[in-house]
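Written out below as structure tokens is the structure these notes cover.
The values are calculated or read from the model by the stated rules, or taken from the named source; none is laboratory data. Not measured: the values here are computed from a predicted model. Please note: Cβ atoms are built from the backbone with ideal geometry, for glycine as well, and neighbour counts cover all protein chains shown. Just the protein is used for accessible areas: all its heavy atoms, side chains included, with ligands, DNA and RNA removed. Shrake-Rupley method; radii C 1.70, N 1.55, O 1.52, S 1.80 Å.
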Amino acid sequence: MSAPMFAVQTIAFGFALWLGSYLLRRNPSDGRLRLAGGGLIAYAAALALGLLTLTLPAAASTLVARLAMTAQLLPALFWIGAAVRLRPGATDVTRPQLAGDAAILAMAAGLLGLGAATDLLVATEDGRLGPTPLYTAIAALLLVALFGAVLTNARRLSAAPERRARGLLLLVLVFFGLSTGLLLLPIPGLFREAAALAVSLDLFLLGGIVAWLDALELGERLRQDMARSLVQAGLPAVVLGGQIGAVIALNTGPQPAMVGLLLAVVATAVALPVAAGPLLA
């Protein structure tokens, strides 16, 4: 991975972690925000594991790479649950919704365990790790389920008071499915990196629109609160992470300890201000 792409992936990791944490903190009782935030945090974990894979010794990198590839399935899994709850009146906490959250978490844990401990999802072929037919089938099934949830809710949402926000959210969900599907195709490196960046952009837009929808329903202003949270989390992450990044670029190179330290510092700098948001407001 080139140095610019490494920097872009690190920034995407920090932004995904911030936005996911922001959604979880904003309204924990809203299942859409919980699942959308969980999907973004899972995506941040996949990015972090992918960056670590580039620096670890062969024996350790194989396991981390398995986890990284498997974690790429999780955002779609979480967003299926979020898409189902886009219909009006689906924000109240109910026992079926909590059971659905538990089922999604159980499936996510099962996929990670399957990917890490077996060759069923990720296997070595010609000396390189790659997705198996089962991995592709699960990814395709998740995308079909996501599109099904979008189509099921599209008609119901056309008459909703917040139909503009909901309609935009459904549209971006479709693009997220398409860009994720591109990653399943055997496309060359440059186009694969472009597709990965498209997935990042789609996920960030999805998170922002879900927060906007929640603010509309509550009659609140989102821009000021989100901007304050981003500054409180982003400024220390850029200052502290930038110093470590400069040391990596100018001196040590992408050593495992330095990359791990960079990710840990960015994660801490992002998570603490978001968690303390009500105290800092």
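With (1) open to solvent by 20 Å² or more (accessible area, probe 1.4 Å); (2) in contact (Cβ under 8 Å) with a residue 12 or more places away in the chain; (3) over 19 Å from residue 85 (Cα atoms) as the list, and residue 117 as the residue in question, which single condition is left unmet?
Here residue 117 clears every test but (2).
Would you check if residue 159 is surrounded by fewer than 15 Cβ atoms within 10 Å (Cβ to Cβ), at pLDDT below 75 and either among the aliphatic types (A, V, I, L, M) or outside any helix (DSSP H, G or I) (or both)? Walk me through it before giving the result.
Working: surrounded by fewer than 15 Cβ atoms within 10 Å (Cβ to Cβ): yes; at pLDDT below 75: yes; either among the aliphatic types (A, V, I, L, M) or outside any helix (DSSP H, G or I) (or both): yes.
Criteria met by residue 159.
For the stretch 3-26, indicate whether the set of residues that are touching a residue at least 40 places away in the same chain (Cβ under 8 Å) and assigned to a loop (DSSP other than H, G, I, E, B) is non-empty.
Within the stretch 3-26, none of the residues are touching a residue at least 40 places away in the same chain (Cβ under 8 Å) and assigned to a loop (DSSP other than H, G, I, E, B).
Is it true that some residue in the stretch 32-47 is touching a residue at least 12 places away in the same chain (Cβ under 8 Å) and not in a helix (DSSP H, G or I)? Give the derivation first.
Taking the stretch 32-47 first, the residues touching a residue at least 12 places away in the same chain (Cβ under 8 Å) are 32-47.
Add one more test, that the residue is not in a helix (DSSP H, G or I), and what stays is none.
The answer is no, given that none of the residues of the stretch 32-47 is touching a residue at least 12 places away in the same chain (Cβ under 8 Å) and not in a helix (DSSP H, G or I).
Looking at the stretch 218-234 only, could you name the residues that are of a type in the set (S, T, N, Q) and open to solvent by less than 80 Å² (accessible area, probe 1.4 Å)? I'd like the intermediate steps shown before the answer.
Here is the first cut: in the stretch 218-234, the ones of a type in the set (S, T, N, Q) are 224, 229, 232.
229, 232, listed by residue number.
Results for (1) over 18 Å from the mean Cα position of the chain (by Cα); (2) not in a helix (DSSP H, G or I); (3) not polar (S, T, N, Q), shown as yes or no for each residue.
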site	(1), (2), (3)
197	no, no, yes
220	yes, yes, yes
228	yes, no, yes
259	yes, no, yes
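Give the residue, chosen from 7, 12, that is open to solvent by 40 Å² or more (accessible area, probe 1.4 Å) and on the phi < 0 side of the Ramachandran plot. It would help to see each step written out before you state the result.
Numbers: 12 fails: open to solvent by 40 Å² or more (accessible area, probe 1.4 Å).
Every option except 7 fails the conditions.
Of everything in the stretch 200-214, what is open to solvent by less than 10 Å² (accessible area, probe 1.4 Å) and among the hydrophobic types (A, V, I, L, M, F, W, C)? Give them in sequence order. Break it down stepwise before answering.
Taking the stretch 200-214 and keeping what is open to solvent by less than 10 Å² (accessible area, probe 1.4 Å), we get 200, 203, 206-207, 210-211, 213-214.
203, 206, 210, 211, 213 - these are the residues of the stretch 200-214 that are open to solvent by less than 10 Å² (accessible area, probe 1.4 Å) and among the hydrophobic types (A, V, I, L, M, F, W, C).
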